[in-house]
Every structure is written in C-alpha cells, then in structure tokens.
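Asker: Have a look at this one.
The values are calculated or read from the model by the stated rules, or taken from the named source; none is laboratory data. Given the structure is predicted, the values throughout are model-derived calculations rather than measurements. As a convention, Cβ positions derive from the backbone with ideal geometry for all residues, glycine included, and neighbour counts pool all protein chains shown. The area values use the complete protein model at the heavy-atom level, side chains included, leaving out ligands, DNA and RNA. Shrake-Rupley method; radii C 1.70, N 1.55, O 1.52, S 1.80 Å.
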Amino acid sequence: MDIAYDGTDFSGWAMQPSQRTVCGVLTESLSTVLRQPVSLTVAGRTDAGVHADGQVAHVDLPESVEPDRLVRRLNRLLPADVRVRAITPVPAEFDARFGALRRHYRYRVATAPYGADPLRARDTVAWPYALDLDAVNAASGLLLGEHDFAAFCKRRDGATTVRALQELSWAPAPGEDGVVVAAVSADAFCHSMVRSLVGALLDVGRGRRAPEWPASLLSRAARASEVVVAPAHGLSLVGVDYPDDAELAARAEQTRRVRVPGQA
C-alpha cells in the first residue's frame, strides 16, 4: 500500500488507546470494507505531527481482492487527511519494514521574514534566524556514513542506534523564496533521529555551534541533552526503497538479525 497523510491531526502512525492514529484509521477502514480483521506492517512509524508522501505498508489479503477496486472503496471511507494512492500485489517474501533498503525524509524550513507561506504552514517550520547553508552542509557532510547515533536518538531498550546515514544535504526549495529543504536518507532511523539531526544543524546554521559540533557527539553513548529536537510538522517521509523481488527474503532476514533484540 502506497500511503500519504497530513500528520497534523494524528498522534503518529502506531495505534494507541483513545488516540487518533494513521494505523488506527487505516485498519478500521480496511476492516470495514473487507469485513474482516486486518493487520498492517509499516515501513517507518512516524511520530505525532509528522507527514508522509511516500509511506509504505503491507497487509495480507485474500487473492480474490481486486486492488484497484479496493483503492476506490477505501478512499471513499477514509478521512481527507489520509489517502491510499495504490495497492499492489507483492511476493509473499515482501516485508514493508524489514525489507526496506532505505528511507527518505525531507524537512522544510522557512527563513523569510514573514515565516511560512499560509498554504504550507502545516508542513513548514518558520525559522526566525538567518541560516548559513555553507556551514550547515559542511556539518552535515561530517555525519555521513555508518555511526552510532545514540546522541541523536531516544533510546529504546535492546534496540541498536547504529545507522548508515547515506544523504544529509540542504538546499533552497525550487520556486519558493526563503524556503530551505533538508534531504535525509538512511537504511533506517531510530526514534527522533531525523528531527534531532535537524535541530543540531539548525543551531550550526544560526551560528550558535561550530560545524564540527554535531559530528563530535557521535562519540556519546547516550542521548545528548543539548540537542534540540526540531518541530515535528516540518518533517515528511517521502519515499522507501526496496530490493528486487529475488532479494526480498534475504534483505528481510539480514535486517531482522541487526534490528531485533535477541535475534542471532
């Protein structure tokens, strides 16, 4: 399932009691349309307020289900802030979470004196300071590669914080005055990692920290309290990459060994 949503009014992806979540809304709608319980597995659990333009989830359905018809029926039932753009049959070995090669995020920052454009205020953070893009990109380059990003993550018991950061770059948004976009890609991200990286780099961009400072935190074994977590609404998951069908099972098994506590 290819999914897009405005995260403003959701308490994140994961189902929570008495909270409106993306997974909860999708699961309820799917179960209603199909008249059977369903369980979704997602590529990346987004936090409250975070958006998605390229989220991916998988669900096991009977072969008799017609994907195109299900898309139309499902979107008639879903609220306006979440859409299922496509449903595609995949091999049994496909796993939206463990089969992913990398996730791609974008973070939008408005540096114009008037802040964010009203039509983009829900996905763009108004930043009231000048932003030195040369300094920010210099600092970003020092973070690339495989590292322990514990300083930038909210630790979860037994979970690794080692990640391979493949892209981290900042550039003006084409056709938008005063808007800068950070492109961030990795094999996976731990909890709050992208927003923590952005928060640290924004401090570099406004001149509060030296370009070498974010990379110096990679030696920490625990979260760095001096790193400010950037606001959620500027962040969007824009894409997830998967291997060819023949490599799906091997990729999922490899990822499980690395990510799942106790897995040999």
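Asker: Quote the relative contact order of the stretch 140-183 in percent (integer), defining contacts as alpha-carbon pairs under 8 Å separated by 6+ residues.
Answerer: Result for the stretch 140-183 is 35 percent.
Asker: About its Cα centre, how strong a charge dipole does the stretch 169-264 have in debye, to the nearest 20, once Lys and Arg get +1 and Asp and Glu get -1 at the Cβ? Each step should come with its number before you reach the end.
Answerer: Values: 10 positive and 11 negative charges, 118 e Å.
The calculated dipole for the stretch 169-264 is roughly 560 debye.
Asker: So, one more: Using alpha-carbon pairs under 8 Å, 6+ residues apart, how would you state the relative contact order of the stretch 1-117 in percent?
Answerer: On the way: 169 pairs, mean separation 37.6, N = 117.
Computed value for the stretch 1-117: 32 percent relative contact order.
Asker: Please give the residues of the stretch 202-234, grouped as numeric ranges, whose backbone N is less than 19 Å from a label point set 7 Å along the Cα-to-Cβ vector of residue 191.
Answerer: 221-233
Asker: Now a separate question. Rounded, prolate or oblate, given the Cα gyration tensor of the stretch 43-183, with a/c below 1.5 counting as rounded? Walk me through the intermediate numbers first.
Answerer: On the way: a/c = 2.58, a/b = 1.40, b/c = 1.84.
Taking the square roots of the gyration eigenvalues as a ≥ b ≥ c, the stretch 43-183 is oblate.
Asker: Helix 22-34 sits at what angle to the longest principal axis of the chain, using alpha carbons and giving 0 to 90 degrees rounded to 10?
Answerer: 10
Asker: Give the accessible surface of the stretch 56-101 per residue, rounded to a whole number of Å², with probe radius 1.4 Å and ligands, DNA and RNA excluded.
Answerer: 61
Asker: Label the stretch 116-218 by shape, choosing from rounded, prolate and oblate, from the square roots a ≥ b ≥ c of the eigenvalues of the Cα gyration tensor; if a/c is under 1.5 it is rounded, and otherwise prolate applies when a/b is larger than b/c, oblate when it is not. If you can, show how the numbers build up before the last one.
Answerer: Numbers: a/c = 2.00, a/b = 1.55, b/c = 1.29.
It comes out prolate by the Cα gyration axes.
Asker: Still on this structure: In whole Hz, what ³J(HN,Hα) sequence does the stretch 178-193 give by Karplus (6.51, -1.76, 1.60; θ = phi - 60°), x for Gly and Pro?
Answerer: Ordered by residue, 3J(HN,Hα) equals x, 10, 10, 10, 9, 9, 10, 9, 7, 4, 6, 10, 8, 4, 6, 4 Hz.
Asker: I've got another one for you. Among all cysteines in the chain, which have no other cysteine Cβ under 4.7 Å from their own Cβ?
Answerer: 23
Asker: Of all accessible surface on the chain at a 1.4 Å probe, what whole percent is carbon and sulfur? Each step should come with its number before you reach the end.
Answerer: Values: 6440 of 12990 Å².
Roughly 50 percent, rounded to a whole number.
Asker: Another one. Any idea which of 179, 3, 37 is furthest toward the positive side of the dipole for the chain, if Lys and Arg beta-carbons carry +1 and Asp and Glu beta-carbons -1?
Answerer: Going by the charge dipole, the pick is 37.
Asker: Still on this structure, please answer the following. Under the rule of at least 5 residues apart or a separate chain, name every residue whose amide H is placed under 5 Å from the amide H of residue 85.
Answerer: Residues meeting the amide H criterion: 2, 3, 4.
Asker: Take the alpha carbon gyration tensor of the stretch 63-120, find the square roots of its eigenvalues, order them as a ≥ b ≥ c, and report rounded if a/c is under 1.5; if not, report prolate when a/b exceeds b/c, else oblate. Present the calculation step by step, with values, prior to reporting the outcome.
Answerer: Working: a/c = 5.34, a/b = 1.66, b/c = 3.21.
Because a/c hits 1.5 or more and a/b fails to exceed b/c, the stretch 63-120 counts as oblate.
Asker: May I ask you to derive the FRET efficiency for residue 228 and residue 249 from their Cβ-Cβ distance with R0 = 41 Å, giving the value to the nearest 0.05?
Answerer: Working: r = 41 Å, r/R0 = 1.00.
Given R0 = 41 Å and the Cβ-Cβ separation, E is 0.50.
Asker: May I ask you to derive the relative contact order of the chain, considering only C-alpha pairs under 8 Å and at least 6 residues apart, and to give it as an integer percent?
Answerer: On the way: 537 pairs, mean separation 62.6, N = 264.
Averaging sequence separation for qualifying contacts and normalising by length gives 24 percent for the chain.
Asker: Which whole-Hz ³J(HN,Hα) couplings does the stretch 154-162 yield from phi under the Karplus relation 6.51 cos²θ - 1.76 cosθ + 1.60, θ = phi - 60°, glycine and proline marked x?
Answerer: 7, 5, 10, 3, x, 8, 6, 10, 7
Asker: Also, quick follow-up: Between residue 38 and residue 18, what FRET efficiency comes out of the Förster formula 1/(1 + (r/R0)^6) with R0 = 22 Å and r the beta carbon distance, rounded to 0.05? Can you show the working numbers first?
Answerer: Details: r = 21 Å, r/R0 = 0.95.
The formula returns an efficiency of 0.60 here.
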